[in-house]
Each structure stands twice: as C-alpha cells, then as structure tokens.
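Please treat every number below as a calculation from the coordinates, not as lab data. Just so we're clear, the structure is a prediction, and the values are computed from it rather than from any experiment. Here the Cβ is made from the backbone with ideal geometry for all residues, glycine too, and neighbour counts use every protein chain on show.
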C-alpha cells in the first residue's frame with residue numbers, strides 16, 4: 001500500500017516526535033512529506049501509532065494521500081527528489 005503523509009506543525013517538539021515515528025515506516029521525500037510502501041498490517045500499525053500518539057486528533061495539520069499503482073507510476077520527480085531511490089522504501 002503506497003501513501004503520502006504531509007504535515008504542517010509549528011511546535012518543534014511535536015514535529016520531532018512525528019518525524020521520528022514516520023521515519024520508522026517510510027522515507028522523507030520533502031521537509032514535511034513522507035512516502036510509504038507498506039503491507040496492510042504495517043500500514044494499520046502506523047495509523048494506530050499516529051492515533052494513539054495524538055497525531056490524528058485534529059490538533060495538527062496532517063494529510064494522508066493513498067496512491068494507487070496507476071498514480072504512483074505517473075509521479076514525476078525533479079531536482080533532489082529525483083535522487084530518491086525505491087530501495088530506500090520500507091517494505092513489509
């Protein structure tokens with residue numbers, strides 16, 4: 001299951017906690033954007049962690065975009081994003 005998670009968080013401590021969690025599951029492709037390619041079980045685990053840690057309670061700006069394979073294949077990457085490597089992804 002491929003997804004993007006984007007966020008906008010002013011509080012440095014809250015942002016650092018979220019980044020640490022997201023880095024355990026996916027790849028940071030922009031400052032506030034992570035990309036994931038996870039099994040259904042691993043994706044469910046990430047969402048549960050996000051909820052339990054308060055990141056899905058509406059107190060921060062967090063957006064989750066599901067990416068179909070069709071859409072994923074059409075993604076264009078430029079600049080430093082072009083160096084991103086599929087091998088950097090977390091697969092479970």
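Structure notes:
- Residue-averaged [θ]222 nm for the chain, counting only DSSP H segments that reach four residues, each worth -39500 (n - 2.57): -9500 deg cm²/dmol
- Paramagnetic reach from residue 71 in the stretch 1-34 [backbone N under 20 Å; point 7 Å along Cα→Cβ]: 1-8, 26-34
- Computed from Cα atoms, the angle from the helix 40-52 axis to the main principal axis of the chain rounds to 30 degrees.
- Counting other Cβ atoms within 10 Å as a rough exposure proxy, the listed residues 18, 50 run 50, 18 from fewest neighbours to most.
- Kirkwood-based shape ratio for the stretch 2-88, expressed as Rg/Rh from alpha carbons: 0.96
- Nearest 10 degrees, 0 to 90: helix 12-23 Cα axis against the chain principal axis: 40
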